[in-house]
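The values are calculated or read from the model by the stated rules, or taken from the named source; none is laboratory data. The structure presented is a predicted model; accordingly, all values stated were derived computationally and were not measured. Neighbour counts are summed over all protein chains in view; Cβ atoms, including those assigned to glycine, are modelled from backbone coordinates with ideal geometry.
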Amino acid sequence: MIKSKSNLTIADHENDFTYKKKKTGLNIQFNRVAFIFFIFFIIYTIYSIHLIKLGTRYIKVDKTSYPSVHDKLYRADIVDINGNYLAKTVNSIDIGLKTSEVINQKKLLLSLNLIFPDKDFNEIEKKINQKKFFYLEKKVSEENYEKLMKLGDKSLKPEEKVLRIYPQKNLFSHIIGQIDNDNIGISGLEKSLNELLIKSRKPVKLTVDKDLQFLIREELTKYQKIFKSKGSASILMDIHNGNILSLVSLPDFDPNKRQNLTDINYINRVTKGTYELGSVFKAFTFASALDEKLIKPETEFLDLPKSINCYGFPIREYDNKIPSDLTAEQIFIRSGNIGSVRIAQKVGPEKFKSFLEKIGVLTDIQFDIEEVAPQKNYNFGKCKLATASFGHGVATTILQLAKGYAILSNGGFDVKPTLLQSSSENVVKNKLLNDGVSEQVVDALRKIVSTEEGTAKFADVEYFKIGGKTGTADQPKDGAYSEAKINTFASIFPTSNPQYVFIVMLDTPQKAKDYYYRYRHRKGGWKGTLYNTAGWTSVEVAGKIIDKVGPILATKYIEIK
């Protein structure tokens with residue numbers, strides 16, 4: 001039966017309502033799921049695009065800050081104890097021009113003229129027409145490099161270079177050394193540390209101090225002019241760990257210029273030069289006899305002659321006013337030659353030679369720089385014993401002399417001179433001298449500087465309690481001795497608590513008639529160098545230097561009491 005719309009029952013309306021309700025509910029659920037899915041899809045798409053963008057982004061790397069260890073031209077930087085650059089590797093770009101690839105010469109020259117307005121373009125045009133290749137600009141600036149590359153000219157050839165620069169110029173030349181055109185070390189630490197410098201990413205840290213080096217070199221340079229010496233040298237070293245705070249040899253050179261140095265006057269006088277050093281050896285004579293318990297400082301030597309003969313050659317006192325009766329310590333303080341021979345004779349040739357070898361004065365020394373002179377093996381007979389006792393007839397380096405004085409003053413412990421900063425502190429020390437020897441030697445060294453009888457009064461710098469020994473030696477030449485002198489002062493300070501050995505050597509100094517000496521030990525002074533000896537040259541220089549570097553040492557490294 002067909003019902004009209006108006007005749008629908010309530011039940012019919014309910015059924016129709018229910019059906020529509022269910023249909024609408026299904027639509028709502030579907031729309032919600034689709035909407036959520038759509039949102040997640042958009043987020044996923046954005047995230048994926050961002051990841052792809054990050055993955056393909058070009059990251060600009062500063063090659064000067066992060067050099068490749070595999071680059072054969074790279075060398076690690078070298079810095080001093082405070083981080084100041086002594087040698088540094090920097091990147092540079094040279095712009096070459098390959099003339100066969102020039103397409104439009106006129107256009108190229110006009111473009112280059114805008115970038116380099118100060119260049120002679122008539123000369124550049126000649127080179128383009130006459131040469132196959134030439135360098136347009138070396139060490140081009142970053143700004144000009146970008147301008148050149150924007151020209152898009154294939155004839156312009158950029159060549160990346162790695163440069164080795166030395167910011168301190170001459171100041172550390174004998175320590176750092178030089179490299180060749182292939183960036184290979186040929187002298188100094190550049191040579192001896194060549195492999196390390198090529199492989200290392202980290203700077204190589206040295207023990208030297210730029211401020212101390214500058215002040216010492218400045219004074220050495222000043223007094224080299226005053227005393228007209230052929231050359232000079234100095235070394236400042238910690239007597240306990242062997243750390244070298246300063247090492248200067250004059251004349252020096254600028255390693256930035258890569259000079260081919262053939263003049264022997266430019267050798268490293270601290271490590272490569274060997275010298276008969278004169279009376280500074282008397283400290284070893286005195287110490288060897290003390291160490292063997294053959295003498296005490298107060299042991300008397302009576303009726304000492306003014307001269308003795310050794311195989312027909314006379315050995316004389318440098319000063320006839322030296323008394324004939326002296327104690328062992330007085331012989332040392334007054335620098336007696338004959339008395340030193342008598343002390344050495346008590347020790348004997350074999351034991352005296354053995355002592356000099358034990359403290360490293362007459363044995364080959366291992367050092368961070370390869371340019372170290374080999375040590376000659378001397379045959380110690382009676383005559384060699386006599387001359388060696390006051391520093392003649394045997395030669396050594398300033399470096400070995402510093403090592404020897406360090407051992408004499410640090411309690412008798414072996415020490416290895418070094419230029420390389422080490423992190424190891426627990427080093428087992430080898431004791432070489434008997435107890436009490438150092439203290440007796442240091443006490444006598446102090447008296448050489450502080451008493452009227454001593455030969456080093458010009459070095460008695462107030463507050464720093466310096467002790468030391470002078471040495472004046474004639475230089476051997478053609479089998480005889482010449483008038484040329486090697487004047488040396490080997491000092492340690494402060495004697496109340498020894499910390500440093502400081503040595504100054506002047507090669508062939510002359511008298512300075514106009515130089516005014518201001519006495520430290522009494523009022524007044526003296527005009528003109530009275531004697532061409534270490535007491536009037538090297539001692540004066542050392543005193544002036546310690547005046548300047550002493551406060552720095554006291555402030556930065558130790559408290560001098």
Residue pairs meeting the criteria (Cβ under 7 Å; at least 6 apart or on separate chains; first under 30 Å from ALA76 (Cα atoms) and loosely packed, with under 12 Cβ neighbours inside 10 Å, in segment 90-109; second at pLDDT below 95 and of a type outside the set (Asp, Glu)): none
Qualifying positions in segment 216-226 - without any contact (Cβ under 8 Å) to a residue 24 or more places away in the chain and farther than 19 Å from THR529 by Cβ: GLU218
Where residues in segment 192-226 are assigned to a loop (DSSP other than H, G, I, E, B) and among the hydroxyl-bearing types (Ser, Thr, Tyr), which of them is farthest from TYR515 (Cα to Cα)? SER200
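So in segment 405-430, with the set limited to residues that are polar (S, T, N, Q), within 23 Å of LYS205 (Cα to Cα) and assigned to a loop (DSSP other than H, G, I, E, B), which one is modelled with the highest pLDDT?
Here the residue is GLN421.
Restrict the check to segment 135-143 and report whether at least one residue is loosely packed, with under 15 Cβ neighbours inside 10 Å and aromatic (Phe, Trp, Tyr).
First, pick out the residues of segment 135-143 that are loosely packed, with under 15 Cβ neighbours inside 10 Å: 135, 138-139, 141-143.
Subset that is aromatic (Phe, Trp, Tyr): 135.
Yes, because at least one residue in segment 135-143 is loosely packed, with under 15 Cβ neighbours inside 10 Å and aromatic (Phe, Trp, Tyr).
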Odd one out for SER229, checked against (1) in contact with a Leu (Cβ under 7 Å, 6 or more places away or on another chain); (2) without any contact (Cβ under 8 Å) to a residue 40 or more places away in the chain; (3) part of a loop (DSSP other than H, G, I, E, B); (4) of a type in the set (Ser, Thr, Tyr): (2)
Filter segment 73-87 down to residues that are in a strand (DSSP E or B) and either buried (at least 17 other Cβ atoms within 10 Å of the Cβ) or out of contact with any Asp or Glu (no Cβ under 8 Å at 6 or more places or on another chain) (or both), then give me how many there are. 4
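Could you pull out the residue among LEU206, LEU189 that is under 30 Å from VAL539 (Cβ atoms), touching a residue at least 12 places away in the same chain (Cβ under 8 Å) and outside the structural domain of PHE502 (by TED's automatic domain parsing)? If you could, list the steps in order and put the result at the bottom.
Working: LEU189 fails: under 30 Å from VAL539 (Cβ atoms).
The unique qualifying residue is LEU206.
Could you list, in sequence order, the residues of segment 302-323 that are assigned to a loop (DSSP other than H, G, I, E, B) and over 45 Å from the mean Cα position of the chain (by Cα)?
First, the residues of segment 302-323 that are assigned to a loop (DSSP other than H, G, I, E, B): 302-306, 311-312, 317-323.
Across segment 302-323, the qualifying residues are LEU302, ASP303, LEU304, PRO305, LYS306, TYR311, GLY312, PRO323.
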Within segment 327-340, restricting attention to residues that are out of contact with any Asp or Glu (no Cβ under 7 Å at 6 or more places or on another chain) and buried (at least 24 other Cβ atoms within 10 Å of the Cβ), which residue is nearest to THR455 (Cα to Cα)? SER335
Single residue of segment 150-201 satisfying the filter (at pLDDT below 90, over 30 Å from ILE103 (Cβ atoms) and in contact with a strand residue (DSSP E or B) (Cβ under 9 Å, 6 or more places away or on another chain)) that is surrounded by the fewest Cβ atoms within 10 Å (Cβ to Cβ): LEU163
Any residue in segment 235-259 that's on the phi > 0 side of the Ramachandran plot: show its pairings with residues that are among the basic types (Lys, Arg) at Cβ separation under 7 Å, as long as the two are six or more apart or on different chains. GLY242/LYS416
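Residues checked against (1) out of contact with any Phe, Trp or Tyr (no Cβ under 9 Å at 6 or more places or on another chain); (2) of a type in the set (D, E, K, R); (3) on the phi > 0 side of the Ramachandran plot; (4) surrounded by 16 or more Cβ atoms within 10 Å (Cβ to Cβ):
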position	(1), (2), (3), (4)
VAL347	no, no, no, yes
LYS358	yes, yes, no, yes
ILE369	yes, no, no, yes
LYS376	yes, yes, no, no
GLY391	no, no, yes, yes
LEU399	no, no, no, yes
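What tally of residues in segment 525-549 results from selecting those that are under 15 Å from ASP460 (Cα atoms), touching a strand residue (DSSP E or B) at 6+ places or on another chain (Cβ under 8 Å) and not hydroxyl-bearing (Ser, Thr, Tyr)? Working first, answer last.
Step one: filter segment 525-549 for residues under 15 Å from ASP460 (Cα atoms), giving 525, 534-549.
With the extra rule that they be touching a strand residue (DSSP E or B) at 6+ places or on another chain (Cβ under 8 Å), the set shrinks to 525, 534-542, 545-546, 549.
Next, from what is left, pick out any that are not hydroxyl-bearing (Ser, Thr, Tyr): 525, 534-536, 539-542, 545-546, 549.
Going through segment 525-549 one residue at a time, the tally reaches 11.
When residues of segment 443-455 are filtered for being buried (at least 22 other Cβ atoms within 10 Å of the Cβ), over 10 Å from HIS521 (Cα atoms) and not hydroxyl-bearing (Ser, Thr, Tyr), how many remain? It would help to see each step written out before you state the result.
To start, the set of residues in segment 443-455 that are buried (at least 22 other Cβ atoms within 10 Å of the Cβ) comprises 444-446, 448-449, 454-455.
Adding the requirement that they be over 10 Å from HIS521 (Cα atoms) leaves 444-446, 448, 454-455.
With not hydroxyl-bearing (Ser, Thr, Tyr) added as a condition, the list becomes 444-446, 448, 454.
Residues that pass the stated criteria total 5.
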In the set THR488, THR495, THR508, the lone residue that is hydroxyl-bearing (Ser, Thr, Tyr) and buried (at least 24 other Cβ atoms within 10 Å of the Cβ) is THR488
